[in-house]
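A.B. asks: One structure is given below, represented as structure tokens, and several questions about it will come after.
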Amino acid sequence: MLQIRCPYCHELRSEEEFAYGGEAHVRRPPHPPALTDREWGDYLHFRHNSRGAHREMWRHAAGCGRYFNVLRDTVSYAVLKVYPMGDEP
């Protein structure tokens, strides 16, 4: 089980208190109506599934309720860095 420190509450808690929100830093297309159905589908459904360091979005569901980002190693499951929304890793 992961241990995650919320960057807002500053408390180290078990993964059960958090909700995974998907890949972090996914940029919305600047003009969605101009996209083809295939391009829009790719934006909605396809994400990187990289091995190693991976940026993820989480929410402290059982705590402050705020979203934040986690840099996590997908091989070892180690949490490498936790940082607030809007910050770069």
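The values are calculated or read from the model by the stated rules, or taken from the named source; none is laboratory data. On a predicted model such as this, the values are computed, not experimentally measured, just so you know. Don't worry about glycine lacking a Cβ; one is built from the backbone with ideal geometry, like all the others, and counts go over all protein chains shown.
A.B. asks: Are any residues in segment 11-28 over 14 Å from the mean Cα position of the chain (by Cα) and either at pLDDT below 95 or closer than 15 Å to residue 74 by Cα (or both), and if so, which ones?
C.D. replies: 11, 28
A.B. asks: For segment 48-64, which residues satisfy the criterion of being surrounded by 12 or more Cβ atoms within 10 Å (Cβ to Cβ) and either among the hydroxyl-bearing types (Ser, Thr, Tyr) or out of contact with any helix residue (DSSP H, G or I) (no Cβ under 7 Å at 6 or more places or on another chain) (or both)?
C.D. replies: Once the filter is applied, which keeps residues that are surrounded by 12 or more Cβ atoms within 10 Å (Cβ to Cβ) and either among the hydroxyl-bearing types (Ser, Thr, Tyr) or out of contact with any helix residue (DSSP H, G or I) (no Cβ under 7 Å at 6 or more places or on another chain) (or both), segment 48-64 yields 53, 54, 55, 56, 57, 58, 59, 64.
A.B. asks: Within the chain, considering only strands (runs of 3 or more DSSP E) that don't extend past its boundaries, which have at least 1 residues that are on the phi > 0 side of the Ramachandran plot and touching a residue at least 60 places away in the same chain (Cβ under 8 Å)?
C.D. replies: Output list is empty.
Matching residues to (1) farther than 18 Å from residue 89 by Cβ; (2) of a type outside the set (A, V, I, L, M, F, W, C):
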position: 27; (1), (2): no, yes
position: 46; (1), (2): yes, no
position: 52; (1), (2): no, yes
position: 57; (1), (2): no, no
position: 62; (1), (2): yes, no
position: 66; (1), (2): no, yes
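A.B. asks: Only residues that are under 24 Å from residue 6 (Cβ atoms) and hydrophobic (A, V, I, L, M, F, W, C): list them for segment 35-69, please.
C.D. replies: 53, 57, 58, 61, 62, 64, 68
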